[in-house]
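The values are calculated or read from the model by the stated rules, or taken from the named source; none is laboratory data. Please read all numbers here as calculations on a predicted model, not as lab measurements. Neighbour counts are summed over all protein chains in view; Cβ atoms, including those assigned to glycine, are modelled from backbone coordinates with ideal geometry.
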């Protein structure tokens, strides 16, 4: 397909080498290329110029790539965004794909890789334009597909991702070669059967049937769906209803993208973190213990300055050991090797032990730490006791750390329907509304004049969230600056 010289590509990257190399490669291919070094500069270009394709770096100073992607989607739904990702941002690249990015390309990339992915984006733009032109020529319903099959098939079969179209009864009316290839279907397999004859995932088939029957008319109400095949292939599916002139549902269209490479990179990243953490923990623990022995032997005013320096070094090694432990916990959660030994237990006993263990830390700050249990006996839970200790140990420790001297921390337990509800309430520093949706992000810590000197890894709450997700639990937070926070945990009771 001949490149239209009016197609404009915007390269957004804080590395000059990436910008210049991309410009050379794409200009020779026939594209019009513009460049930006930051997210805000890119938005200024988009406001003034017509841009068709954006090459977007995810990690930039100031406004990051995900925020720029969000702004682009607010400006236009047709601009094709290709994210540029490094090894450390694979997880963010997956999130970008979920938020509407067309594709991604890892650093460093070869010229042919860049040309291929940008050409695909241009082909998609061309096909979208062609589809709009055909729609303007004639208003069609699904019944028209038989008479215009050749033109529609040309468009759909050219898509690099898998596409399947169903009727209101969930029967497959059309599928492209990419769909057959991704799902391992015979190239001669016929359409006309129900969707479950082609897709091996029962829940996804049910979702497609619901979309086909008009149960999800609002596009934003339809979630992305990830599934896998036995040969370690991973896919992300996105379905949308096909609506007629009177907004009646005529069926569904399902788009499937292969995300196996991203999943593999994500696994390698977690494996790397786990191995490095294991290698570091032992020598750091040795250093920490030896510092304690040296400090113990340093008595007298002559050693006061040296003792202060060594105390700081010991405090930092303790922080690193804590960070390594949190990283290992996160790796185990991601690998699904935590919460694997559930047993019947009494939650009140676990909470009593946690409160008793942490009471000394609270007393050092003259804080009151109280556990309030219901009058009626709580039902037994089936869960991993170590996971529960980690969840509530983190929450109570956070309450102690982020509450001022003389503050109050109350842990209450009761029943909420079929769930056990635990609230960890404090009257501490509190959290502003603008930070509440970020506190469960890895390494994120709210820093202000009151909290900047509090040590921590920024991994406690992500660990809590990951553990609860794996257990089928739920957590929410209410907070007000200067008045304190309430973390509410719901745990399912399994009969």
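Annotations for the structure displayed:
- If you go through the stretch 418-442 and keep only what is at pLDDT below 85 and outside any loop (DSSP other than H, G, I, E, B), you end up with 433, 434, 435, 436.
- Here the helices (runs of 4 or more DSSP H) wholly within the stretch 289-403 that include at least 3 residues being at pLDDT 85 or above and touching a helix residue (DSSP H, G or I) at 6+ places or on another chain (Cβ under 6 Å) are 347-364, 385-401.
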